[in-house]
Amino acid sequence: VQGLVVGGILLGLARLCLLFQAHGLELPASQCLVARLLPSATSAAGGRGGKAPGVQDLPRYRARSPAAKGSGLRLVRQWAGASMGESGGPVAPAWRIGVWVSLLIAWGWTTTPSYAEPATATVGKLRSEADAALATGQFEKGVKLYSQVIHKEPDNENNYFKRYRAYLRSRKYKDAYSDLSTALRINAKFTAALKKRVELGLQIGRCFEAVGDLSRLKSIDATAPELRHEDAVQQCAQFLQSAADFEQRSDWRNARNSLASALQYADSSHDLLLHRAHSSLNLGDFFEAVADSGRAIKIESDSIAALEIRGRAYYHLGEHEHALNHWRQALKFDPEHKSVKGHYRTVKKLEKLRKSAEANEASGQLEAAIKDWRAAIAVDDTHHAFAAPALIKISKALTRLKRWDDAIRAAEDASKRHHEDSRMDAQLTVAEALLGAERYDECVRAYQQAVEMDAKDPRANDGLRKAKVALKQSKEVDYYKVLGVSRTASGKEIKKAYKEKALKNHPDKVAAEDRDHAEQEFMKIAQAYEILSDEETRRKYDRGEDVTGQGGAGGGPHGGPGGFQFHHPQNMRHGGFTFHFR
């Protein structure tokens, strides 16, 4: 064990010494740490007698064999063999085993690299390779090579100017602008860099800086062709100043207009596109925010601000998955970004509640579904693109529960939300709830408003006809009211209501003095069931057509309705079942 540990350390340090010398570092053997450790290590191993060659001898051996690539194993073997007694006294077996194991480890380290390779390429060679990469369209490679050149020559403005060209061709405008600025800091009279910074500054919206650059350029070269941009630069700067003033006053519409004017000159400005997207977001124009932030991302794919704004725009449009995708991308660049993490967690919580509500609704657990929908809305009550459809679902669930007033309130709340895509659905849901509540006058008015919103919507037109028929029938014989069911009742609900009403109003179940009235009610109940239990007849009745053969919506209280044969109430057979009253 001792031999393994000590031998491994020594062999590793031996390799380090070789690397130092191979890379051109003049390191005297007397200054090598291994050379100092070696004597104590060999004595600890029990070596005695002649002096074994130390690590300090390896560089000289390597120098005698410079062409032997990958021959580190032979070097180490020579030293290790001597250390194990080939040149000295007896060595303990444990030490011999440990050193040979270390020898194998060292062989893995020394066979792959070649100590004879040159340390680094020269600056001139790097620069030539970078120029060639740029000429052949390998812009990323050119940037890397120019960066190596700059590392070696950080005070040469020409290096930054060449890397600027590579960045520009890669459409990395901010990096390109930064290199021009660095070149000018090194050499303030670097006219070529100043001219390019004027043009690039205008292109990316650095118009205030471009005004100053034009002034400097004019003092250096009054005939420079770049001075033709002076009017454009001045106008761009004025528009940017106006936009800043409007943003300060939260006048988002005028700010957006000023930014649009500036972007006519600065068509590659990530920052101006981002500012305009922010203005659109505050105006509620989410599609425009998506478009501008998307253009900004194309210019700077790692822009967290652009990814955040685009995610927010998708969120307000109700496109939660798109929003989450953009925020996930932003968090890859900065996992601890506070506002992005907040948005992400909000949507994840909201989506969890939405899925729970939909599952409860599908399984018929309407009360639980309503509770989940309301909890989801409470996560962000200002999120109208989610709240409005959720309130419509709540209203429909309440309608199924025959909680008419609550259903009407939920639908009216949905119609007040600022969500254009839900306006018609909310209006129709209000009308349907009013119809179920038998508030026919209000129902007719609600459907009329829906028709005014979209005269071509078949739901609005059909609903209006249905509401007018219901209003008319409510003033005559309303067979739904006779059975005590809503107009949206299912066939099963109608059948159940008929059984209960028939049993309750059977003439044999009332006192003698009430029998005549009971018979009349019983006949109305039977007539209502005959009409509503047949789907085709029910549809005609709902459309206001005559289904009795008497020219009206319902028959008289005495005698059967036209077109139907009623049986004696003592043994009435309806809908496939028989009542026997005793």
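The values are calculated or read from the model by the stated rules, or taken from the named source; none is laboratory data. Worth saying up front: this structure is predicted, and the values here are computed from it rather than measured. Using ideal geometry, Cβ is built from the backbone for each residue, glycine included, and neighbour counts are taken over all protein chains shown. Note: accessible area is taken over every heavy atom of the protein model, side chains too, but ligands, DNA and RNA are not part of it. Shrake-Rupley method; radii C 1.70, N 1.55, O 1.52, S 1.80 Å.
Of the helices (runs of 4 or more DSSP H) lying entirely inside segment 125-192, those carrying at least 2 residues that are in contact with a Phe, Trp or Tyr (Cβ under 7 Å, 6 or more places away or on another chain), open to solvent by less than 50 Å² (accessible area, probe 1.4 Å) and closer than 23 Å to residue 270 by Cβ are 157-169, 173-186. Of the residues that make up segment 321-340, is at least one open to solvent by less than 50 Å² (accessible area, probe 1.4 Å) and within 19 Å of residue 413 (Cα to Cα)? No, the conditions are met nowhere in segment 321-340.
Working only within segment 246-260, note down all residues that are free of Cβ contacts under 8 Å to residues at least 24 places away in the same chain and either closer than 26 Å to residue 177 by Cα or within 20 Å of the chain's Cα centre (by Cα) (or both). Show your work before the answer.
Keep residues of segment 246-260 that are free of Cβ contacts under 8 Å to residues at least 24 places away in the same chain, which gives 246, 248-249, 251, 254, 257-260.
Within segment 246-260, 258, 259, 260 meet the criteria.
Looking across 228, 249, 256, one residue alone is among the basic types (Lys, Arg) and under 25 Å from residue 307 (Cβ atoms). It is 256. Only residues that are polar (S, T, N, Q) and either touching a Cys at 6+ places or on another chain (Cβ under 7 Å) or open to solvent by 50 Å² or more (accessible area, probe 1.4 Å) (or both) were counted in segment 470-489, giving 1. Of all the numbered requirements in (1) within 22 Å of residue 295 (Cα to Cα); (2) not in a loop (DSSP other than H, G, I, E, B), residue 205 misses one, and that requirement is (2). Applying a threshold of 9 Å to beta carbon distances and a minimum spacing of six or more residues, or different chains, the list of pairs starting in segment 498-517 at a residue that is surrounded by 12 or more Cβ atoms within 10 Å (Cβ to Cβ) and ending at one that is modelled with pLDDT under 80 and among the acidic types (Asp, Glu) reads 507/514; 507/516; 515/508. Considering segment 193-203 alone, what residues qualify as being farther than 24 Å from residue 141 by Cα, touching a Phe, Trp or Tyr at 6+ places or on another chain (Cβ under 8 Å) and open to solvent by less than 40 Å² (accessible area, probe 1.4 Å)? Once the filter is applied, which keeps residues that are farther than 24 Å from residue 141 by Cα, touching a Phe, Trp or Tyr at 6+ places or on another chain (Cβ under 8 Å) and open to solvent by less than 40 Å² (accessible area, probe 1.4 Å), segment 193-203 yields 201, 202. Put simply, of 416, 402, 393 the only residue that is of a type outside the set (A, V, I, L, M, F, W, C) and at pLDDT 95 or above is 393.
Return the only residue of 468, 475 being more than 37 Å from the chain's Cα centre (by Cα) and touching a residue at least 60 places away in the same chain (Cβ under 8 Å). Show your work before the answer.
Values: 475 fails: touching a residue at least 60 places away in the same chain (Cβ under 8 Å).
So the residue among 468, 475 that is more than 37 Å from the chain's Cα centre (by Cα) and touching a residue at least 60 places away in the same chain (Cβ under 8 Å) is 468.
If you check 332, 355 for being basic (Lys, Arg) and either modelled with pLDDT under 95 or under 30 Å from residue 204 (Cα atoms) (or both), only one passes: 332.
Within segment 344-376, the residues that satisfy the criterion of being open to solvent by 70 Å² or more (accessible area, probe 1.4 Å) and part of a helix (DSSP H, G or I) are 345, 348, 349, 352, 355, 358, 362, 367, 371, 374. Scanning segment 461-491 for residues that are modelled with pLDDT under 90, assigned to a helix (DSSP H, G or I) and either aliphatic (A, V, I, L, M) or more than 17 Å from residue 435 (Cα to Cα) (or both) yields a count of 6. Looking only at residues in segment 289-318 that are open to solvent by 40 Å² or more (accessible area, probe 1.4 Å), of a type outside the set (Ser, Thr, Tyr) and free of Cβ contacts under 8 Å to residues at least 24 places away in the same chain, the one that is nearest to residue 420 (Cα to Cα) is 291.
Scanning segment 280-324 for residues that are part of a loop (DSSP other than H, G, I, E, B) and of a type in the set (Gly, Ala, Ser), which turns out nearest to the chain's Cα centre (by Cα)? Steps first, answer last, please.
At the first step, the residues of segment 280-324 found to be part of a loop (DSSP other than H, G, I, E, B) are 284-285, 300-303, 317-319.
Add one more test, that the residue is of a type in the set (Gly, Ala, Ser), and what stays is 284, 301, 303, 318.
Working: 284: 19, 301: 14, 303: 14, 318: 12 Å.
Once the filter is applied, the top-ranked residue is 318.
Could you please find all residues in segment 264-279 being among the aliphatic types (A, V, I, L, M) and either touching a residue at least 40 places away in the same chain (Cβ under 8 Å) or assigned to a loop (DSSP other than H, G, I, E, B) (or both)?
First pass over segment 264-279, keeping only residues among the aliphatic types (A, V, I, L, M): 266, 272-274, 277.
266, 272, listed by residue number.
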